[in-house]
Amino acid sequence: MNHSLLSAQSVCPLSHLALWHITGADTLDFMQSQLTSSVNELTENQAVLAGFCQAKGRLQATMLVWRDPQQPAHLYVMIDRSIEEQVRKRLSMFVLRAKVSITPIHTKVYGALLPDSPGFQLPQAHYAVRHEQALTWIAAPNASEQSARAWVIDWDNQIQAAELSPAHWAAADIYAGLPWVQAPIYETFLPQDINLDIIGGVNFKKGCFPGQEVVARLHYRTTAKRRAALGTLAVDAQSDIRAGMDIFACDDLERPCGRIINAAYDPQAQCWALLMEVHIEQIQTQSICLASAPQTAITVQTLPYGWEIAKY
């Protein structure tokens with residue numbers, strides 16, 4: 001790996017992401033029973049997006065999971081820092097007599113924007129993993145075809161400078177349609193509400209997990225009427241826009257028709273990027289807005305995937 005690709009202009013610190021090391025003889029069996037995705041099938045060179053639900057199917061977390069290359073029976077987890085302690089305690093309640101230890105680690109995580117050049121080409125599959133020179137690279141989904149994105153785990157504090165705005169990275173997650181459960185939306189959404197089943201975050205063949213009956217019933221017996229959609233809002237960066245805020249039809253500010261999943265100000269486009277849980281038919285026929293900015297309609301954009309299952 002050519003470390004010169006990690007220029008200060010291409011790297012940003014992702015301090016909002018936390019890491020765990022999950023160890024013990026029962027690690028794989030335990031996490032297999034708790035998450036919406038299968039960890040038993042993971043190879044050393046891939047990560048998986050997964051959810052952790054409560055009994056009614058509401059998401060308590062989304063996370064990225066990959067195997068420890070030194071001890072393949074152990075796992076690493078990347079999760080939003082605002083919920084990581086709450087979720088760690090929740091998971092620990094189910095450990096009981098299993099030989100499992102969930103340990104927070106303080107290694108730094110960075111986001112890297114990389115040119116799609118012969119010097120470094122990420123594999124086409126999302127969440128492909130490479131381990132090299134005390135760095136772990138995990139391919140991140142990207143809406144742009146002009147560059148590649150990767151999370152970089154810096155085990156030895158090699159990266160000394162990072163100038164790319166974290167807001168730019170957060171907006172890129174949203175444009176890619178990648179949802180993160182954060183504290184304001186803890187236990188708010190079913191996996192289908194945020195497209196987790198579409199983007200490979202739910203494995204319906206793996207067996208039971210908390211909330212599996214509710215999630216599977218929606219998948220097999222009904223059609224999801226609420227999905228995540230992409231929007232942009234042209235208001236200034238100081239506007240109070242955050243996860244969990246209600247969305248309204250512009251002509252009806254009394255009854256919410258959706259909710260923000262994730263929001264980030266895009267400094268390059270000078271607008272807010274919004275990943276929104278919405279009623280599919282409603283956004284196709286009505287203008288939508290926030291109560292705090294009723295005169296400025298949210299522009300509904302196109303996600304890089306459709307609302308069909310297992311698009312990537």
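The values are calculated or read from the model by the stated rules, or taken from the named source; none is laboratory data. Only a predicted model underlies this, so the values are computations on that prediction, with no experimental measurement involved. No Cβ is skipped: glycine too gets one built from the backbone with ideal geometry, and neighbour counts run over all protein chains shown. Calculation scope for accessible area: heavy atoms of the full protein, side chains included, ligands and nucleic acids excluded. Shrake-Rupley method; radii C 1.70, N 1.55, O 1.52, S 1.80 Å.
General observations
- In region 151-176, the residues that are closer than 23 Å to G306 by Cα and open to solvent by less than 40 Å² (accessible area, probe 1.4 Å): W169, A170, A171, A172, D173, I174, A176
- Qualifying residue in region 12-21 (condition: surrounded by 15 or more Cβ atoms within 10 Å (Cβ to Cβ), of a type in the set (A, V, I, L, M, F, W, C), modelled with pLDDT of 95 or more and part of a helix (DSSP H, G or I)): no
- Matching strands (runs of 3 or more DSSP E) fully within region 179-288 where at least 3 residues are open to solvent by 10 Å² or more (accessible area, probe 1.4 Å): 226-233, 252-266, 271-279
- From G231, G200, G207, residue being modelled with pLDDT of 95 or more and out of contact with any Lys or Arg (no Cβ under 6 Å at 6 or more places or on another chain): G231
- For region 152-175, the criterion of being charged (D, E, K, R) and at positive phi is met by no residue.
- Residues that are of a type in the set (A, V, I, L, M, F, W, C) and open to solvent by 70 Å² or more (accessible area, probe 1.4 Å) within region 289-309 comprise W307, I309, listed in sequence order.
- In this structure, S37 does not qualify as under 30 Å from P184 (Cα atoms), touching a residue at least 40 places away in the same chain (Cβ under 8 Å) and out of contact with any strand residue (DSSP E or B) (no Cβ under 6 Å at 6 or more places or on another chain).
- Condition met for V87 (among the aliphatic types (A, V, I, L, M), open to solvent by less than 30 Å² (accessible area, probe 1.4 Å), modelled with pLDDT of 95 or more and out of contact with any helix residue (DSSP H, G or I) (no Cβ under 6 Å at 6 or more places or on another chain)): yes
- Residues of region 126-154 that turn out to be touching a strand residue (DSSP E or B) at 6+ places or on another chain (Cβ under 7 Å) and assigned to a loop (DSSP other than H, G, I, E, B), as a count: 3
- Taken as a whole, the structure places R67 among residues that are open to solvent by 30 Å² or more (accessible area, probe 1.4 Å) and in contact with a Leu (Cβ under 9 Å, 6 or more places away or on another chain).
- Only a single criterion out of (1) modelled with pLDDT of 90 or more; (2) buried (at least 22 other Cβ atoms within 10 Å of the Cβ); (3) assigned to a strand (DSSP E or B) is not satisfied by P104, namely (2).
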